[in-house]
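Here is the structure we will look at.
The values are calculated or read from the model by the stated rules, or taken from the named source; none is laboratory data. All values derive from a computational prediction rather than experimental measurement. Neighbour counts run over all protein chains shown; Cβ positions are idealised from the backbone, glycine included. Remember, those area values only see protein heavy atoms, side chains included, never the ligands or the DNA or RNA. Shrake-Rupley method; radii C 1.70, N 1.55, O 1.52, S 1.80 Å.
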Amino acid sequence: MSTTSEKTACPLRFDIGGMHCAACSSRIERVVGRMDGVDKISVNLAAASAEVWPAEGDGEDLQKKIMERVAALGFSASPAADDDAARQFAEGKARAAADISARLRRLLPMACFAVPLLVLSMGHMLGMPLPAWLAPHQSPRAFMLAQLLLTLPVVWLGRHFYADGIRALLRGAPAMDSLVAVGTGAAFLFSLGNTLLGLAGVDPMTRAMNLYYESCAVLLTMIEFGQFLEAVAKRRAGDAMGALMRLTPETALRLDPEDEAASPAEIPLAQVRVGDHLLLRPGGRVPVDGVVLKGKSAVDLSLLTGESIPVPVGPGEKLAAGSINGEGPLTFVAEAVGGNTRLARIIRLVREAQGSKAPIARLADRVSFYFVPAVMGIALVAALAWLLLGSEPITTPLTIFVAVLVMACPCAMGLATPMSIMVGTGRGAQLGVLIKNGAALEQAGRIDVLAVDKTGTLTTGKPVLMGVSLLNSPEGLDENALLALAASLEARSEHPLALALLAAARERGLALLPVEDVTVSPGMGISGTVLREGVSYGVAVGNRAFMTEGGTAVPDAALDKMTALAEAGQTPLLLSVAGAGGAVVAGVLALADALRPESASVVARLRALGVRVVMLTGDNERTANAVARQAGVDEVAAGLLPADKAAYVRRLQTEGHVVGMVGDGINDAPALAAADVGMAVGTGVDVSAEAGDIVLMRDGMEAVLTALALSRATMRNIRQNLFWAFGYNVLGLPVAAGLLHAFGGPMLSPMLAGTAMALSSVSVVTNALRLRFFKITA
């Protein structure tokens, strides 16, 4: 079933503070998820957010209880500003900037102390001898004291690791900071004990050679550096959201409708109200949704829909906030402002998608919850094994204990999925594909059968005149003359086929003629008297039954032409003209819902991807088969009602297929809901929050191909991240535990282990950022 239908209640959304790894997010999910009144919870480490779905009939105080429970776990929770996506994004951006600044303020002085400490303790290995007053063999007390003095500032600047880590450990919920605190704390206390004994005169030379201050200080510095890089990269992951936010200008030009000569007043965007008359200058960005009153231009929707070709607009046409005006000034009336604009709805959908989880994340969540306690157990067992079973000095078990603790961190596992989803959904919005949640993003890549509606998806959805066939046209009436007669008559009708004839007449520059005595027969045709060059013609346009009922004989040539047009998927209309000799069928008008130019190529590319394409339509079988032949679709189900389409989708699912459905979100709503992934085709930038799991903001099938390709690219990116995150720990933990050393190889330095741990998270985030440059290849 479509993921949209699974969630009926609106979730409570929270900003979560204090999370450092997947163990943190998993802990919150498990504890809050077991609370009374909570039906479901999803915590996103990358977005630092949580969504909680209340159980049916839950009390109003659930939000407060959740905040208190999260605070009891050592984290912070505050309600997210659902009503103002721009404000929430700005606040989140400010928090991220403040976090980066705070980390940088800690990192720089930590590095200033850690680097000299590293030179002091290990410089001799690189041919950097120390002066006699500081060398451990000549002045062991000075050597120990100098290392201690360089380490203390680093420990103080990194005290948040100890505060958060020990607090989590005491609560029985150890996290990444717990590993860092225990590992570096053990190294520091061991070194401090040796220092105090050495300063007291207990074998100072030996004590000076058994210090691990550099492991503690350099580890803290490297982990802080890794988290700084991670924070910077995570902020870059929100670039797509920032680009959407920047589409809205800060001011608008309001006009006085009572005084057209008055100059426009520049006002803040927040002061614009529905019904205000606004001026949009050439090159300006549309501030709110509206309808054009005066002027003609073309607007660029590329940043909203991914469509690069500007769209012509004129009086009566709609404008969307965020689009860019072309060369002509426009006067328009505000129709939707603030959080009600289409752009605001797009931003909300992207924000919700970036905070959601994909099913593939469950594996990492389950592993992360047990991972930290397991690592602490492995570190303790490995250290005891080397201490009790080996003949190594006591420094070896200590080194192994510290290395195992700092080597294993679930950060990379926790970031592997949400970072890719955050970047992938943001990139999708830039390309005109709104993916509403992580589950839809994951499922879209698995689709092996794609059911598509015909009208508006494979075709343009608007009938157009394909041609005029002359039969027994009265003398002096050529093809254009007949079209002018038909269009003049059809100008009195609102039928889609009538609008197609009017559009064709405008394209040919034909003037409409005076019409009298119009009679409309719904579902059959229209008739009346048209005056042309001083001559009155009785004109009728309609189907065969309409002609017969009006007493006009339909010749075999007309019937043959109608049959041929129907076989080609076109709708034939008979045109009769009554002159002095009576009414005769003067010609046959051929109309059709034209196939989109890209439909055939996209269908071919979908089939090359292993996706079976099925057309579901309410049209008759003859027309459906004709369109299917043009589009290259082999499987067609015609004459279907909306419920029949949904049943067809469910039948495909019972056969074991993952089914995607592409439709307009209105009459295709049942099929969209029944499909594993429903894709609603929007018109322009129309965004329906109710239709489907994916909204295609561009008309046509290319957006479908983009959605599927983006899903596959994102899932490939997630699998790469998980592979490296799990592989890093699978390979690194045995080495940190001394496996190589047991066979005569080297031991893993805790500093190298900490560096590898920090860089593993950075590598995952960096790999996810590659999705920012995703583009579909030909």
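Scanning segment 437-452 for residues that are outside any helix (DSSP H, G or I), modelled with pLDDT of 85 or more and open to solvent by 10 Å² or more (accessible area, probe 1.4 Å) yields Gly445, Arg446, Asp448. Scanning segment 600-626 for residues that are within 23 Å of Ala646 (Cα to Cα) and either polar (S, T, N, Q) or touching a Pro at 6+ places or on another chain (Cβ under 9 Å) (or both) returns Thr617, Gly618, Asn620, Thr623, Asn625.
Scanning segment 584-601 for residues that are in a helix (DSSP H, G or I) and closer than 16 Å to Thr455 by Cα gives Ser599, Ala600. The residues in segment 584-618 that are under 30 Å from Gly550 (Cβ atoms), open to solvent by 10 Å² or more (accessible area, probe 1.4 Å) and modelled with pLDDT of 85 or more can be counted, and the count is 1. Taking (1) under 27 Å from the mean Cα position of the chain (by Cα); (2) at pLDDT 85 or above in turn, Met19 satisfies each apart from (2). Considering segment 359-401, the residues that are open to solvent by less than 50 Å² (accessible area, probe 1.4 Å) and not in a helix (DSSP H, G or I) include one that is modelled with the highest pLDDT, namely Gly390.
So that you can scan it fast, the table gives a plain yes or no per residue for (1) without any contact (Cβ under 8 Å) to a residue 60 or more places away in the chain; (2) touching a Lys or Arg at 6+ places or on another chain (Cβ under 9 Å); (3) among the charged types (D, E, K, R):
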residue	(1), (2), (3)
Ala564	yes, no, no
Val588	no, yes, no
Leu606	no, yes, no
Gln630	no, no, no
Ala638	yes, yes, no
Leu641	yes, no, no
Tyr648	no, no, no
Glu655	yes, no, yes
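Only a single criterion out of (1) part of a loop (DSSP other than H, G, I, E, B); (2) open to solvent by 40 Å² or more (accessible area, probe 1.4 Å); (3) at pLDDT 80 or above is not satisfied by Thr8, namely (3).
Residues that are β-branched (Val, Ile, Thr) and over 23 Å from Ala638 (Cα atoms) occur at least once in segment 457-479. For segment 551-583, a tally of residues being open to solvent by less than 30 Å² (accessible area, probe 1.4 Å), over 24 Å from Thr460 (Cα atoms) and in a helix (DSSP H, G or I) returns 1. Restricting Ala626, Ala643, Ala631 to residues that are over 18 Å from Glu598 (Cα atoms) and of a type in the set (A, V, I, L, M, F, W, C) narrows the list to Ala643. Scanning segment 163-178 for residues that are of a type outside the set (Asp, Glu), open to solvent by 10 Å² or more (accessible area, probe 1.4 Å) and assigned to a helix (DSSP H, G or I) yields Ala163, Ile166, Arg167, Ala168, Leu169, Leu170.
Please indicate, with yes or no, whether at least one residue in segment 402-425 is polar (S, T, N, Q), surrounded by 24 or more Cβ atoms within 10 Å (Cβ to Cβ), assigned to a helix (DSSP H, G or I) and modelled with pLDDT under 80. Yes, the conditions are met somewhere in segment 402-425. Is it the case that some residue within segment 237-260 is part of a helix (DSSP H, G or I), under 30 Å from Leu405 (Cβ atoms) and either at pLDDT below 80 or open to solvent by less than 50 Å² (accessible area, probe 1.4 Å) (or both)? Yes, the conditions are met somewhere in segment 237-260. With respect to Val636, determine if the residue is part of a strand (DSSP E or B), farther than 26 Å from Met697 by Cβ and touching a strand residue (DSSP E or B) at 6+ places or on another chain (Cβ under 6 Å). Taking the combined requirement at face value, the residue satisfies it.
When you scan segment 655-662, do you find a residue that is closer than 21 Å to Ala709 by Cα, of a type outside the set (A, V, I, L, M) and open to solvent by less than 40 Å² (accessible area, probe 1.4 Å), even just one? Checked against the condition, which is being closer than 21 Å to Ala709 by Cα, of a type outside the set (A, V, I, L, M) and open to solvent by less than 40 Å² (accessible area, probe 1.4 Å), segment 655-662 yields at least one hit.
For segment 187-205, enumerate the residues that are assigned to a helix (DSSP H, G or I) and farther than 16 Å from Leu148 by Cβ. The one that is assigned to a helix (DSSP H, G or I) and farther than 16 Å from Leu148 by Cβ: Met205.
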